[in-house]
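Peer 1: A single structure is presented below for examination.
The values are calculated or read from the model by the stated rules, or taken from the named source; none is laboratory data. Predicted model only: the values in this text are computed from it and were never measured. Cβ: placed from backbone, ideal geometry, glycine included. Neighbour counts: every protein chain shown.
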Amino acid sequence: MPVVLEACPVCAGPQIRLLSIRKGDIRLCRCADCGIIFQNPRFEEAKYGPGQVTKHYVPRLKENGLLDAKGKPIPGKIAQRYRKVITLTRKVYAGGLIADIGCGIGLSTLALKYSGFEQVDGYDVEKQRVDFGRDVLKLDLSAEDVVTVPPEKRYSLVVLSSMLEHVPDPVAFLSMIRKNTLVPNGRIVVTVPNVLSWQFMTQGKKWENICYSHYYYFGDDSLNEVGNRAGFRRIALDRPKSGKSGLASHESYLRELLGIREINITGGIGAGFEVSGPIASPAPQLASAEAD
Ligand SMILES: [Zn+2]
């Protein structure tokens, strides 16, 4: 049963506007107060049914060349697929343990290990994915809730690779990580699809990232907003120059045209955050109702 949100799930602001973009029964709304774009109504994960890991997910990874026919990982392809996460982790890492939360079957965990980060623990709440990662990829992944991390095993870096867009309440989730998972001066690395990307602008509803499991559609500003509300501040990093020279020239054209210093129209956003202090505001209580 889809759940209708009657206020913004990030700032609790009441002014939410339905966007014209539609894909099947997926509708997107934008909050007038904080600017976040989110799925509304929201569909429960159960919509996909059990067994999707081996039936849908793994075949897709084989098609994309990340796993071979037997399901074994192909290191070069995996490093390439997760290059943004690796580059950011290299910039932000200051020693200590790393937690890769929402690691799925563990490909991002593997990519970090291939890149020389040996102390990486992978977590995912979906047990099927964790079992696949343990059985086939021989990774020591955990299906435990990361809240249970004891104080002596706190992480200095949490990696969230393409997972924040799946979380029902990202401010509460990041606050939880800040309080229960990280050391006091810990950092996070986040990658999410970019709703201000040229792909979304040109493909509209055909953009592959519009799907039931993506509750949020971040741009640079709304990602910062969510991080700030959870008590993090973005670490200033030079964004790597786009490999596609056409894209870089479009970005510089837009910068000049619109008079803004930074603009990101690449397919994904990668950011590092550090703990900034107390939480700005408590996570709002969601006003919600069952749809007909
Ligand atoms: Zn809002």
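Peer 1: Report, by residue number, each residue of the range 112-160 that is touching a residue at least 60 places away in the same chain (Cβ under 8 Å) and closer than 18 Å to Thr87 by Cα.
Peer 2: Selection gives Ser156, Leu157, Val158, Val159.
Peer 1: Here's another thing I want to ask about it. Inspect all residues belonging to the range 70-90 and state whether any of them is within 16 Å of the ligand (Cβ to nearest atom) and in contact with a helix residue (DSSP H, G or I) (Cβ under 8 Å, 6 or more places away or on another chain).
Peer 2: no
Peer 1: Scanning the range 268-292 for residues that are modelled with pLDDT of 75 or more and crowded, with 16+ Cβ neighbours inside 10 Å, which turns out farthest from Tyr82 (Cα to Cα)?
Peer 2: Restricting to residues being modelled with pLDDT of 75 or more and crowded, with 16+ Cβ neighbours inside 10 Å, the top hit is Val275.
Peer 1: If you scan the range 69-90, which residues turn out to be more than 18 Å from the chain's Cα centre (by Cα) and part of a loop (DSSP other than H, G, I, E, B)?
Peer 2: Once the filter is applied, which keeps residues that are more than 18 Å from the chain's Cα centre (by Cα) and part of a loop (DSSP other than H, G, I, E, B), the range 69-90 yields Ala69, Lys70, Gly71, Lys72, Ile74.
Peer 1: Right, next: Listed residues Thr109, Thr89; which is under 14 Å from Leu137 (Cα atoms) and buried (at least 23 other Cβ atoms within 10 Å of the Cβ)?
Peer 2: When all the criteria are applied, what remains is Thr109.
Peer 1: Please give the number of the condition Lys55 fails out of (1) without any contact (Cβ under 8 Å) to a residue 12 or more places away in the chain; (2) within 16 Å of the ligand (Cβ to nearest atom); (3) of a type outside the set (Gly, Ala, Ser).
Peer 2: Of (1) without any contact (Cβ under 8 Å) to a residue 12 or more places away in the chain; (2) within 16 Å of the ligand (Cβ to nearest atom); (3) of a type outside the set (Gly, Ala, Ser), only one is false for Lys55: (2).
Peer 1: Which one of these is surrounded by 13 or more Cβ atoms within 10 Å (Cβ to Cβ) and farther than 29 Å from Met176 by Cβ: Gly65, Gly96?
Peer 2: Gly65
Peer 1: Can you pull out the residues in the range 9-41 that are touching a residue at least 60 places away in the same chain (Cβ under 8 Å) and either within 8 Å of the ligand (Cβ to nearest atom) or farther than 21 Å from Pro193 by Cβ (or both)?
Peer 2: Within the range 9-41, Pro9, Val10, Cys11, Ala12, Cys34, Gly35, Ile36 qualify.
Peer 1: Here's another thing I want to ask about it. Do the conditions hold for Gly71, that is, is it modelled with pLDDT of 90 or more and surrounded by 13 or more Cβ atoms within 10 Å (Cβ to Cβ)?
Peer 2: Against the criterion (modelled with pLDDT of 90 or more and surrounded by 13 or more Cβ atoms within 10 Å (Cβ to Cβ)), Gly71 does not qualify.
Peer 1: Give me the helices (runs of 4 or more DSSP H) completely within the range 161-261, filtered to those with at least 2 residues that are surrounded by 13 or more Cβ atoms within 10 Å (Cβ to Cβ) and without any contact (Cβ under 8 Å) to a residue 24 or more places away in the chain, ordered by residue number.
Peer 2: Details: elements: 170-176, 198-203, 220-229, 245-258.
In the range 161-261, the matching helices (runs of 4 or more DSSP H) lie at 198-203, 245-258.
Peer 1: OK, next. For the range 91-108, does any single residue satisfy the condition of being among the basic types (Lys, Arg), under 30 Å from Asp135 (Cβ atoms) and either touching a Gly at 6+ places or on another chain (Cβ under 9 Å) or in a helix (DSSP H, G or I) (or both)?
Peer 2: In the first step, residues of the range 91-108 are kept if they are among the basic types (Lys, Arg); the result is 91.
Now narrow it down to the ones that are under 30 Å from Asp135 (Cβ atoms): none.
Within the range 91-108, not a single residue is among the basic types (Lys, Arg), under 30 Å from Asp135 (Cβ atoms) and either touching a Gly at 6+ places or on another chain (Cβ under 9 Å) or in a helix (DSSP H, G or I) (or both).
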